Amino acid sequence: MSPRTKLLTVSRLLGVAAFAGVLVVTEPPGPALSPDSASYLGAAEALARAGSLRIPFADWPAADSTSKLSHFPPFFPLAVAAGVRLGSPPAQAARFIGALSAFASTTILVTLAGVEAGLVAGALAGALFVAAPAILENHFIALSEPLFFFFLSLTIAGLRRVPDRPLLVGTVAAAATLTRYAGIALPGACALWLFLQAGSLRARLTRAALAFAPTAL
């Protein structure tokens, strides 16, 4: 078995372990819910049933008991709404998205670290990711963080593996921003990193502009 095949095998095994772990811990009546979950899941169900992103509460003086989703970005509710349209309860759709995100993030990080520093480093990166308390907690609650971790890891992988495709990398970074507003620094970081790579000034400015364009749009 070649080193690359070994790395891909280990990355997938750790990804499957992360996926299964999330599903086991969040078995019904899970996943855990938080006040933020009410906004995410409520907006997802409203989109799936009525075609609008509205949360099931509003300010006290408001005549309507619902309000537009504004405090949180829309990408996670959109993903949950897709599951609802397929027949899943909102919380279980969020649970499955969390498990898939755990699989994808773990696989990407193991592969990326392994390609850069070897199989042991890749396995260690995956183990540290799935064992970190903050990471674990966020995958057990119906929140947008797991999906954000996926887009974050995919963006980092894109910067390392396909730096010649700045529009693609920038699109993934924009998806991260639309999943969590905390990711707003990511497109700028991509643009800066691509600008600092070798090339003429025009080529560097073009790469940076293309990386930031999806977020600007």
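The values are calculated or read from the model by the stated rules, or taken from the named source; none is laboratory data. Quantities reported herein were computed from a predicted structural model and do not represent experimental measurements. When we count neighbours, we look across all protein chains shown, and the Cβ atoms used for this are built from the backbone with ideal geometry, even at glycine. Surface accessibility is based on the protein's heavy atoms, side chains included, excluding ligands, DNA and RNA. Shrake-Rupley method; radii C 1.70, N 1.55, O 1.52, S 1.80 Å.
Observations, loosely collected:
- GNM result for the chain, Cα springs below 10 Å: residue of PHE103, PHE148, PHE129 fluctuating most strongly: PHE129
- Environment charge at TYR181 (Cβ cut-off 14 Å; Lys +1, Arg +1, Asp -1, Glu -1): -1
- For SER144, net neighbour charge (Lys/Arg +1, Asp/Glu -1) across residues whose Cβ lies under 9 Å away: -1
- Comparing ARG49, ARG95, ARG85 in a Gaussian network model of the chain where C-alpha atoms under 10 Å apart are linked, the largest mean-square fluctuation is found at ARG49.
- Global geometry of segment 144-198, whether rounded, prolate or oblate, following the gyration tensor of its Cα atoms and the 1.5 cut on a/c: prolate
- When the Gaussian network model of the chain links Cα atoms closer than 10 Å, the mean-square fluctuations of LEU201, LEU154, LEU119 top out at LEU201.
- Reported label for calculated volume of the Cα convex hull per residue in Å³ given (1) 170; (2) 138; (3) 115: (2)
- Computed over neighbours whose Cβ is under 13 Å from that of PRO77, the net charge equals +3, Lys and Arg +1, Asp and Glu -1.
- Helix axis angle, 90-117 relative to the chain longest principal axis, alpha carbon, degrees: 10 degrees
- Entry comment: accessible area of the chain is 52 Å² per residue, from protein heavy atoms only and a probe of 1.4 Å.
- Under the convention that each Lys and Arg Cβ holds +1 and each Asp and Glu Cβ holds -1, the size of the dipole of the chain around its Cα centre is about 800 debye.
- For SER67, the residues whose modelled amide H falls within less than 5 Å of its own, excluding neighbours fewer than 5 places apart on the same chain, are ILE55, PHE57.
- Among SER52, ILE184, PRO133 - extreme Cα towards positive end, dipole of the chain, charges at beta-carbon: ILE184
- Applying the Karplus relation 6.51 cos²θ - 1.76 cosθ + 1.60 with θ = phi - 60° to segment 18-24 yields 3J(HN,Hα) values of 5, 4, 5, x, 5, 5, 5 Hz, where x marks Gly and Pro.
- Gyration tensor (alpha-carbon) shape descriptor, segment 106-217, a/c threshold 1.5: oblate
- The label-point distance for SER67 and ALA131, in a model that sets each label 7 Å from Cα toward Cβ, rounds to 4.3 nm.
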